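Here the structure is laid out as structure tokens; the discussion comes afterwards.
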């Protein structure tokens, strides 16, 4: 029984890592541009397709495909920021919600049209390598997800904490006007933020595409869960988001394993409702850092 | 002017004299047949296979001159696997397009939802895929099942698995739909009747990706056989994760309704498919001349081997055409009448409908080995 519990927890943490990657990008965009990007899941989906095409058509190895997909989606992220989101920055939230929802539907259907519903898998070659310790099973593929997520999150934290651009991002999230007065080129920062968000989503999509599948509708459920994660973790707080993502992963895994699997996807939302009732200020609480 | 009127008069007289001799109940023009299948959503791939079979059958019939010179015309609607959409689709086909018969749907939940519409409008509805036993248990004479049902499969398969293969502790993982739940019920009954034991049952939502929670739980049981009910894509994930957890050393994988017995599944799980056993009414390796011809024609057209969905689509479309020919009419009521008395022979073998409009056909026990579907036992008669 204890092994089962440990195994479920391990599965949950790995799942949580993927949620953390998608939610962080969403959280950054929300914190800095103050837009709710419902099309974030489509960046994740397109990222997975880019990696799939890199492996299938160019014959790129998994890690190179991951890099290619991240670069392409960073550029794509910057493009949609410039073309779609920039005109509505500073407008009421409902604008960005409707706009991004439309964008999400458009992108998902374009993907359905061009890439077809035919489910495919990114071949990482790592799923066949399996480790076993203390009665726990884990594939190399899932270990890679764990390690890569930690590396990417660490990189992001370092970037935001220590680089000039990162500092500018934090300044804008605190006070856009003051940051502008201090001479920060906020347009450039907007593009950079969306590029980072796109790259993180692509990384998550690629890893999910390897573990599970790549399909045009994969983005939809992920974006909802990511919103749960950032609400749970407190907007704009990196630590809070990671913490919340792991909790969501664990809730799904343990709830699915020990309570009822059919309602697996309901547990994160149930947690959210509980949070609103018990701690309306968020898990970590207070104003964002 | 007067001369022209005279010509028209003669022409009309000639036409009238001709009418009795060319009189047929089938009015000239295309015969409309409606199809409701999921072409988007999670069932899009499997739905497309059934559609492949239907289209091939109709093209063959049309190429051979159609039915008494009239071409068949397919009107295809997407149900997306959603019952409400399926109902809207069949309403549109019957109400607006005035089709003579409807083929569909894929999921049992959708077919169950459409049955009432078919009965109310009195148009025959024939499903090539849906397995839930209750479809043919409701006394709805307008609905036909053009394939085996889970009870028939359960009977043939459990006998072989429990007695010959000696699997006595069963675990079930099934999709949370009428088909999944209906199949599990039917199998549980047969397994316990034969002296086996059911130690684990879990249901998943269609399109689920992460099965680790239940696979982990399954690992802690004493099951020696895992019985799965679901479609290609979902089951490929189950099998992949089953192997990742190292369960393949402990239990035999069973897929009695053979949702996995198609090339796409093999592509998705590769050699992990080895050793999966199941029952199927059709696999491409059946060696009868009719099956061989069907397989080679299908491969020529689509580049892959047909599986049971394509076969069912093909057979059902041909059965409908046969009923129209027999009824010598495009009237839905006459087609229904003819369909219920049909005696059909297709690539799968002989088939006819029983008094509940359930198709009676043979079953084969199949195992996957190196990407090929081998017949282990059969044909086993369902009667």
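Here, each number is a calculation from the coordinates, and none is a lab measurement. Since the model is a prediction, treat every value here as computed from it, not as a measurement. Glycine also receives a Cβ, built like all others from the backbone with ideal geometry; neighbour counts cover every protein chain displayed.
Helix B:232-244 versus the longest principal axis of chain B: what is the Cα-based angle in degrees, 0 to 90, to the nearest 10?
Its long axis makes an angle of about 10 degrees.
Between rounded, prolate and oblate, where does segment B:50-97 land on the alpha carbon gyration tensor, with a ≥ b ≥ c its root eigenvalues, rounded for a/c under 1.5, else prolate if a/b exceeds b/c?
Taking the square roots of the gyration eigenvalues as a ≥ b ≥ c, segment B:50-97 is oblate.
On the principal axes of its Cα set, how long, how wide and how thick is chain B? Give whole Å, largest value first.
Largest first, chain B extends 96, 40, 34 Å along its Cα principal axes.
I'd like the antiparallel share, as a percent to the nearest 5, of DSSP beta bridges with both residues in chain B.
Of all bridge pairs located within chain B, approximately 35 percent are antiparallel.
Report the FRET efficiency, 1/(1 + (r/R0)^6), for residue A:151 and residue A:79, where r is their Cβ-Cβ distance and R0 is 22 Å, rounded to 0.05. Each step should come with its number before you reach the end.
On the way: r = 26 Å, r/R0 = 1.19.
Step by step, r from the Cβ atoms, then E = 0.25.
Running a GNM on chain A with Cα contacts under 10 Å, which residue among A:231, A:94, A:242 ends up with the highest mean-square fluctuation?
Comparing A:231, A:94, A:242 in the GNM, the peak value goes to A:94.
Rounded, prolate or oblate for the protein assembly as shown? Axes are the square roots of the Cα gyration tensor eigenvalues, ordered a ≥ b ≥ c, and the cut-off for rounded is a/c under 1.5.
It is oblate, given that a/c is not under 1.5 and a/b is not larger than b/c.
Among B:329, A:237, rank each residue by its count of other Cβ atoms within 10 Å, from fewest to most, as a rough exposure measure.
Placing the least packed residue first, the sequence is B:329, A:237.
Can you sort A:158, B:160 so the residue with the fewest Cβ neighbours within 10 Å comes first? List each step's numbers first, then the result.
Numbers: A:158 11, B:160 19.
Starting with the residue having the fewest Cβ neighbours, the order is A:158, B:160.
7 Å from Cα along Cα→Cβ at both residue A:180 and residue A:164: what's the point-to-point distance in nm?
Taking the two extended label points, one gets 2.2 nm.
For segment A:165-281, take the convex hull of the Cα atoms, compute a quarter of its surface area, and give me that in nm², please.
9.1
Please list the equivalent ellipsoid semi-axes of segment A:2-278, computed as the square roots of five times the alpha-carbon gyration tensor eigenvalues, in descending order and whole angstrom.
Equivalent ellipsoid semi-axes, largest first: 30, 22, 18 Å.
Taking the Cα atoms of segment A:1-112, what is the range of coordinates along each of the three principal axes, in descending order and whole Å?
Largest first, segment A:1-112 extends 53, 38, 25 Å along its Cα principal axes.
With contacts defined as alpha carbon pairs under 8 Å and 6 or more residues apart, what's the relative contact order of chain B in percent?
Taking the mean separation of contacting Cα pairs over the length of chain B, I get 17 percent.
Please check: in the Gaussian network model of chain B (C-alpha springs, under 10 Å), which one of B:169, B:300, B:341 has the largest mean-square fluctuation.
Looking only at B:169, B:300, B:341, the largest GNM fluctuation is found for B:300.
Rounded to the nearest 0.05, what FRET efficiency do residue B:297 and residue A:273 have when you use their Cβ-Cβ distance and R0 = 60 Å?
0.60
Apply the a/c threshold of 1.5 to the C-alpha gyration tensor of segment B:151-280 and tell me whether it is rounded, prolate or oblate.
Since a/c stays below 1.5, the shape of segment B:151-280 is classed as rounded.
Along its three principal axes, how long is segment B:25-167 when you only count alpha carbons? Whole Å, largest extent first please.
59, 34, 31 Å, listed from the longest principal axis down.
Springs between alpha-carbon pairs under 10 angstrom, Gaussian network model over chain B: which of B:65, B:259, B:81 fluctuates most?
B:65
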